[in-house]
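Where a number appears in this text, it was derived from the coordinates with a stated rule and is not lab data. Nothing here was measured: the structure is a model prediction, and the numbers come from that model. Backbone-built Cβ (ideal geometry, glycine too); neighbour counts: all protein chains shown.
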Amino acid sequence: MHIAITREVSQSIGDCELTHLERTPINHNTARDQHAAYEAVLTSLGYQIERLPTEPNMPDSVFVEDVAVVLDEVAIITRPGALSRRDERPSIESALRPYRELEHITSTGILDGGDVLIVGRDIWIGVSSRSNVDAIGQFRSHVDYHGYQVHSVQIRDCLHLKSAVTALDDTTVLVNPARVNLSNFKNQRCIQVDPSEPEAANALRAGRTIVAASAFPRTAALIEAAGFAVVTVDASELAKAEGALTCCSLLFDVSVA
Ligand code: CIR
């Protein structure tokens, strides 16, 4: 069974954290419609959606990815780098508890799930304004035992590692080389975003299908040309909050006896 944990867009999304973008008005209805369309795509790809109720006082709470990292063996509850986002944790913990053992990142570690890239048994964690080396060490101690190799990686000019690179399958990454050095991914097949679409590196791997933003058609064509099935969605309103496609869900599998 494939599960997608999502959360309804908060009415207060206009008060979201912003790091690189100027604040512009976010239309809550448009954001909600785009989010519903994103969920519909995941449903069509075989995911069962577990939608958490909206959190009126947590502007960024739609971006559930930042609060947990779900592996087959364990889920890590993060300690988000932005103070305003730490109250997002209890509801995500409750949602994950039926499915996974839980581990936690504790002070003085900070970690956003958006900085954690899983490619097969390799995990890269971006050192960013939201994630630090303390948390990377904690993360490693939680997953070592399960056979994962954890690598820390420097990023440039973006919020999270996954604004720079995402996984298309267990051996292929989609990268913006202006934001992260390609030399980190010597053992992976690297597909580079179209240079005119610097935000396009965040695509969502949903089983064998890649969900890509409709704003970046050139990169979507490159992904398709590399042999992947691609579905596009419009995430332009959520992008005003510096959110992209991986941010809006926690995807994982549950074995049914
Ligand atoms: C934040 O700054 O925390 C939100 N406005 C955007 C978070 C996007 N999350 C992600 O890329 N994983």
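Structure summary
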read-out	value
Shape of region 38-99, Cα gyration tensor, a/c cut at 1.5	oblate
Dipole moment magnitude, nearest 20 debye, region 94-174 about Cα centre, only Lys, Arg, Asp, Glu C-beta charged	120 debye
Top of 176, 132, 29 by mean-square fluctuation, Gaussian network on the chain, Cα under 10 Å	29
Bridge type composition, region 124-257 - antiparallel percent by DSSP, nearest 5	30 percent
Most fluctuating residue given options 200, 226, 164, as computed from a GNM of the chain linking Cα atoms under 10 Å	226
FRET efficiency for residue 215 and residue 154, using Cβ-Cβ distance with R0 set to 30 Å, rounded to 0.05	0.65
In nm, spacing of pseudo-spin labels at residue 129 and residue 181 (7 Å Cα→C-beta vector)	2.4 nm
P(r) histogram, all alpha-carbon pairs of region 158-215 included - 5 Å bins from 0, percent	4, 22, 32, 26, 13, 3
Debye, to nearest 20: dipole size of the chain, +1 on Lys, Arg Cβ, -1 on Asp, Glu Cβ	360 debye
Cα-based Rg and Dmax for region 125-257, where Dmax is the largest Cα-Cα distance (Å)	15.1, 47
Cα-based Rg and Dmax for the chain, where Dmax is the largest Cα-Cα distance (Å)	16.7, 49
Candidates 231, 116, 175, ranked by Gaussian network fluctuation over the chain, Cα under 10 Å, top entry	231
Normalised alpha carbon radius of gyration of region 30-168 [divisor 2.2 N^0.38 Å]	1.04
Cα-derived Rg to Rh of region 117-158, Kirkwood definition	0.98
Residues 1, 58, sorted so that the one with the fewest Cβ neighbours within 10 Å comes first	1, 58
Sites matching GluC sites (Glu not before Pro) across region 63-160 that sit in DSSP coil, with at most 14 neighbouring C-beta atoms within 10 Å	73, 101
Amide H partners (placed H, <5 Å) of residue 68, local residues excluded	78, 113
Helical mean residue ellipticity (222 nm; -39500 (n - 2.57) per DSSP H run of 4+; nearest 500) of the chain	-5500 deg cm²/dmol
Fully extended contour minus Cα-Cα distance, from residue 48 to residue 253, at 0.36 nm per residue	72.8 nm
Between region 16-85 and region 206-241, the alpha-carbon center distance in angstrom	18 Å
Among 155, 139, 118 the positive-end extreme of the charge dipole of region 101-194 (Cβ point charges)	155
Equivalent ellipsoid semi-axes - Cα gyration tensor, region 1-109, angstrom	23, 20, 11
